[in-house]
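Contents: one structure, followed by commentary.
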Amino acid sequence: MASGKPGAVHALIICLAVMAFYSVAIGQPVSLYDFAVNSALYAFPINGVTWTLNVEVVAVGFILAGYVGWRVGSEWGLIAAAVGIGIALRFPWLQSVAVTFKSLWVFFVLGMLIPTRIGGWIARMVPMMAWPFILLVVIIFKSTLQQGAIALLVAMLYYNKAGALGHVLENPVAQFLGRISYSFYLYNVLVFTVVCGYLKQWPLVASHPVEAGLLASVPVIAITILFAYFSTRFVEVPGIEFGRAISSRPGTVRQTSSVFDL
């Protein structure tokens, strides 16, 4: 994970630069301050969806606390640490730091429990054919029920208990989309803005918004995949290889980086 950070950072900076140039081109200049705070994930004036990366950055310290709990008392130590962190997140001074993270901490706790004996026991208890119903809960419901369903679905995938869903996610197309998913996430906002801004000029779009939205999704997805491929291939992968080159033993970089071949 640590060796992949340079690639993720490089991809973020270049995406923000592309979006800044586009804003300038359409007469909406971006200040250096806006670029700096978005790059630092302090605020998100250029690419609004990058607030989720801020959650991951803030989560590092709390995950470390959970790991300490795990080392001290295995699963129950992790649970105790999670409860302690949940209580701590109620203090105003800590809430000011973990603004968005405080409502998402449970996702990280459940994720850390999946590879433990508790996660394995729960996954084994769930019938393999239950995954479609769990997926519906993930899509339809919100709050605690959705959080539990997401964790359960991921656990079933982790322990090869998701049946047909697991097989679908193992095919080459799904694997490819998974490899480019981070860059897809970064560039989707830009492509969506450009395509939808163009479509808004058509009177038919205003009278048929649902149909227009469905049709717009085709070029948005296709163009974003193209951007994501080049970003992954020429920005993320070199960054990952660089990170591994400075953190791994000599001779291991080529072997590990083959996972990212596109």
note = For the chain the mean separation of alpha carbon contacts under 8 Å (6+ apart) over residue count, i.e. relative contact order in percent, is 25 percent
query = Can you pull the percent of region 23-113's accessible area that's carbon plus sulfur, 1.4 Å probe, other chains left in place?
reply = 71 percent
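Once fully extended, how much extra length lies between V83 and V137, figured as 0.36 nm per residue of separation less the alpha-carbon to alpha-carbon distance?
16.9 nm
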message = From the helices alone, meaning DSSP H stretches of at least four residues, give me the mean residue ellipticity at 222 nm for the chain, per-run term -39500 (n - 2.57), in deg cm²/dmol to the nearest 500.
response = -23500 deg cm²/dmol
Rounded, prolate or oblate (a/c below 1.5 giving rounded, otherwise prolate when a/b exceeds b/c) for region 121-186 by Cα gyration tensor = oblate
inquiry  = Just to be sure I understand: with springs between alpha-carbon atoms less than 10 Å apart, which residue in I240, I223, I118 has the highest mean-square fluctuation in the Gaussian network model of the chain?
reply    = I118
note = Computed ³J(HN,Hα) along region 91-102: with the Karplus parameters 6.51/-1.76/1.60, θ = phi - 60°, integer Hz and x for glycine or proline, the list is 6, x, 5, 7, 5, 5, 8, 9, 4, 8, 5, 4
request  = Quick one: among F35, F101, F133, which has the greatest mean-square fluctuation in a GNM of the chain with alpha-carbon springs under 10 angstrom?
outcome  = F133
message = I'd like to check one number: the per residue accessible area of the chain, probe 1.4 Å, reported in Å² as a whole number.
response = 61 Å²
query = Measuring from a point 7 Å past the Cα of A43 along Cα-to-C-beta, which residues in region 81-100 have an amide N at less than 18 Å?
reply = 96-100
inquiry  = Among M19, M129, M112, which one shows the highest mean-square fluctuation when the chain is modelled as a Gaussian network with alpha-carbon springs under 10 Å?
reply    = M129
ask   = Helices from the chain with mean Kyte-Doolittle at least 0.5 and a Cα length along the axis of 20 Å or more, per DSSP H: which?
value = 5-25, 51-88, 143-158, 181-199, 209-231
Inter-probe distance in nm under a simple model that places probes 7 Å from Cα toward Cβ, at M125 and Q146 = 2.5 nm
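The values are calculated or read from the model by the stated rules, or taken from the named source; none is laboratory data. No experiment lies behind these values; they were computed from the predicted model shown. A quick note on method: Cβ atoms are made from the backbone with ideal geometry, for glycine too, and the neighbour counts reach across all protein chains shown. For the accessible areas, the whole protein counts, side chains as well, though only heavy atoms, and no ligand, DNA or RNA atoms are used. Shrake-Rupley method; radii C 1.70, N 1.55, O 1.52, S 1.80 Å.
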